[in-house]
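The values are calculated or read from the model by the stated rules, or taken from the named source; none is laboratory data. Because the structure is predicted, anything quoted here is derived from the model rather than measured. Ideal geometry is used to build each Cβ from the backbone, glycine not excepted, and the neighbour counts take in all protein chains shown. Surface accessibility is based on the protein's heavy atoms, side chains included, excluding ligands, DNA and RNA. Shrake-Rupley method; radii C 1.70, N 1.55, O 1.52, S 1.80 Å.
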Amino acid sequence: MPQQRVAATLGISVEAVTARLDPSLRRSRKEAARLAVQQRGELLPRDEIIARYVEGATITELGRLYQVHPSTIRRRIPEDLIRPRGRTPQPRTRRRRMLADEEIRRRYQAGESSYALAREFGVSPQTIRARIPDAHWRGRPAGKAPAPPPRSAKPRSGSRRMALPIPDEEILARYRAGRSASAIAREIGVDCRTILRRVPEGERRTHRQARQLNRPAPGIDARSIHALRARGLTWAAIAAEVGLSVKTLRARV
């Protein structure tokens, strides 16, 4: 008996039962669980299980019925009665639903949709579609996918460039003067990549070079800021003098 049942039988607590047991006699949780399963299996009606199995019940179904593992049911059935896996004495066949094809065609020609007929007969719309002749089908012909929309022709590599409001020489002069491609593109109203195509690859600035060139007050570096601080100027005074924020000044230092 488990300790809980012993305590309930004697009318004492589980702790009192544990205190009176020798440590060498105490069972572990794993052993107690195995013993409980074994005792439950001994209470199963073996003849009734065998009879249900011979009538066609599976081992898994019997395990769910008696609330035990299927292997416990398997040990109660003689070896000569065990069926091969997946086989039963009476294989279960699914009844085929008989559809009234003439009624489906008549109701479809009267105006009912294939989806409404599928819901009523309990089948899929494709099953209803198979009963309708192609000449009477109101939808797209079966097996024919809709034609994809025509793709817009891409310009070839040898096509002419986009005409811009200013000549390419002016764009290149502005870029060499320090203007960024994004700023020039915003002024003209085009994409930044359109401006970069007018600039030779050898003169294109990297992202880091563009940041260094286009940031405000590029001449104010850490050495200049330290020199102004040594003169006694505060961070706010330096920021007002160079036109930057205090946060930007501290970041450059």
For this session: Give the residues of region 4-19 that are assigned to a loop (DSSP other than H, G, I, E, B) and hydrophobic (A, V, I, L, M, F, W, C), sorted by residue number.
Result: ILE12
Exercise. Going by the structure shown, is GLY232 at pLDDT 80 or above and at negative phi?
Worked result: no
Seminar exercise, completed: Per the list (1) touching a Lys or Arg at 6+ places or on another chain (Cβ under 9 Å); (2) at pLDDT below 80, residue check on ARG40 breaks on (1)
Exercise. Just for region 192-205: of the residues that are among the hydrophobic types (A, V, I, L, M, F, W, C) and open to solvent by 40 Å² or more (accessible area, probe 1.4 Å), which one is nearest to the chain's Cα centre (by Cα)?
Worked result: CYS192
Problem set entry | Every pair of residues 6+ apart whose Cβ atoms lie under 7 Å, when the first sits in region 229-253 and is over 17 Å from GLY219 (Cα atoms) while the second is open to solvent by 80 Å² or more (accessible area, probe 1.4 Å) and part of a helix (DSSP H, G or I) | none
Problem set entry | Hits in region 192-212 - residues which are basic (Lys, Arg), under 13 Å from MET162 (Cα atoms) and not in a loop (DSSP other than H, G, I, E, B) | ARG193
Exercise. Looking at region 206-218, which of its residues are modelled with pLDDT under 70 and surrounded by fewer than 14 Cβ atoms within 10 Å (Cβ to Cβ)?
Worked result: ARG211, GLN212, LEU213, ARG215, PRO216, PRO218
Problem set entry | Residues satisfying the stated conditions in region 159-191, i.e. in contact with a helix residue (DSSP H, G or I) (Cβ under 7 Å, 6 or more places away or on another chain), polar (S, T, N, Q) and either loosely packed, with under 13 Cβ neighbours inside 10 Å or in a helix (DSSP H, G or I) (or both) | SER182
Seminar exercise, completed: Checked against (1) of a type in the set (D, E, K, R); (2) surrounded by 14 or more Cβ atoms within 10 Å (Cβ to Cβ); (3) at pLDDT below 85, ARG105 satisfies every condition except (3)
Exercise. Could you list, in sequence order, the residues of region 14-37 that are loosely packed, with under 11 Cβ neighbours inside 10 Å, among the small types (Gly, Ala, Ser) and at pLDDT 85 or above?
Worked result: ALA19
For this session: State whether one or more residues within region 74-90 are at pLDDT 80 or above and of a type in the set (S, T, N, Q).
Result: no
